[in-house]
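Peer 1: Could you have a look at this structure, given as structure tokens, before my questions?
Please treat every number below as a calculation from the coordinates, not as lab data. Computed from a predicted structure; not experimentally measured. Please note: Cβ atoms are built from the backbone with ideal geometry, for glycine as well, and neighbour counts cover all protein chains shown.
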Ligand code: ADP
Ligand code: MG
């Protein structure tokens, strides 16, 4: 992989790269749509990701190119930048903008990116390129920001420079992920634990529905609203600031306060999904992968029936998985309405699974899904000088 990238770099910039960095993509294993209710998410980094090769230039410009895109950007070295339009290089440009907010001044640099994360499918290629750039610049110039600062800065780029209103889970897991480990993270407090997630005889299959996530933003906002309505209703009797402070038992004692049936369904998902994250962490600690898989299916069912964020494409994938002997758990991951599902698939059945799933999915949906097999990998890192 990197040898080919070095060749490309040489051809493009007529000089050798002097450092190479990698940042993964991420999936959320369980804990969906509860981060904005003070709940726990359980993301991990995956072995697909984005690479960055770089070297200084004497031209006092920043040059961006990517194997994945034709457009190339050249910018004079300056302290502040503004977004230029929809071009991809606004993501790393935003990082230069935010990092130079402090004392550091950039100097001429040639950068080449390559990613093998499917772009725009919910595996967070955007957070990958942000964290990658922030980490690389911090390391290359010896800036001494800690990882958490880089995570927050990358999130700021996504929220303010790019203008996408997303939480911190993506940048956090891409920075702090570890091979064969999952993170159990509270996105409000940023307290987290690392849990062993040795998949043993299984691999993480990622199934991209290839459905555009057009509904996800408006429905996302609607769900946030519904959760707020539930919280306000409950606060009449109990002193809580987040739905996820409630155990399922305590919620059952007070749920009569929620008059609207739809809102009640949403809140029920939130409370029970948060419980499932605790159970999932326990299952991993006890090396009970079957139990973990069962919780994945339960999470999907709840997102389908109670939270209503799945859609026929994600349901088709998970239905197939539940009928396929060598999968022990599957669920949608991310905001829903398209994007990706994940499945725990027995090693050795990758091809058979892909073929049978493809046939089944095409018959139900009319176009193919894409299937990738990954391991749980490391967070952002330097890979070569
Ligand atoms: P995702 O779900 O993958 O994060 P987004 O729409 O949030 O989808 O971000 C995708 C955007 O991130 C791309 O359109 C591009 O602008 C940028 N990007 C991601 N990976 C790369 C890459 N390897 N090279 C250049 N730009 C990238
Ligand atoms: Mg993104």
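Peer 1: Between residue 254 and residue 229, with labels modelled 7 Å along Cα→Cβ, what's the label distance in nm to one decimal, could you check?
Peer 2: For the pair residue 254/residue 229, the computed spacing is 1.9 nm.
Peer 1: Determine the relative contact order of the stretch 1-148: mean sequence separation of Cα pairs under 8 Å and six or more apart, normalised by residue count, in whole percent. Don't skip to the answer; put the middle values down first.
Peer 2: Working: 247 pairs, mean separation 38.6, N = 148.
For the stretch 1-148, the relative contact order is 26 percent.
Peer 1: Can you give me the Cα centroid spacing of the stretch 213-246 and the stretch 52-80 in angstrom?
Peer 2: Rounded to whole Å, the Cα centres lie 43 Å apart.
Peer 1: Turning to a different aspect of this structure: On C-alpha positions alone, give me the angle between the axis of helix 2-13 and the longest principal axis of the chain, in degrees, nearest 10.
Peer 2: Tilt of helix 2-13: around 50 degrees.
Peer 1: Divide, for the chain, the radius of gyration over alpha carbons by 2.2 N^0.38 Å, where N is the residue count.
Peer 2: Values: Rg = 21.5 Å, N = 385, 2.2 N^0.38 = 21.1 Å.
The reported ratio for this selection is 1.02.
Peer 1: Only bridges with both residues in the chain count here: give the DSSP antiparallel percent, nearest 5.
Peer 2: 90
Peer 1: Using 0.36 nm times the number of residues separating residue 164 and residue 351, minus their current alpha carbon distance, what extension gain do you get? Working shown, then result.
Peer 2: Values: separation 187, 0.36 × 187 = 67.32 nm, distance 3.63 nm.
Extending this stretch completely gives an extra 63.7 nm.
Peer 1: If you average the sequence gap of Cα pairs under 8 Å that are 6 or more apart and divide by the length of the stretch 198-373, what percent do you get for the contact order? Mind showing how you got there, number by number?
Peer 2: Details: 247 pairs, mean separation 60.2, N = 176.
After rounding, I find 34 percent.
Peer 1: Let me have the relative contact order for the chain, percent, based on Cα pairs under 8 Å that are six or more residues apart. Walk me through the intermediate numbers first.
Peer 2: Details: 783 pairs, mean separation 90.5, N = 385.
Averaging sequence separation for qualifying contacts and normalising by length gives 24 percent for the chain.
Peer 1: Starting from the Cα of residue 278, step 7 Å along the direction of its Cβ; do the same at residue 194; then give the gap between the two resulting points in nm.
Peer 2: If labels sit at residue 278 and residue 194, their model points lie 2.5 nm apart.
Peer 1: Something else: At 7 Å along the Cα-to-beta-carbon direction for both residue 261 and residue 82, put a label point, then send me their distance in nm to one decimal.
Peer 2: 5.2
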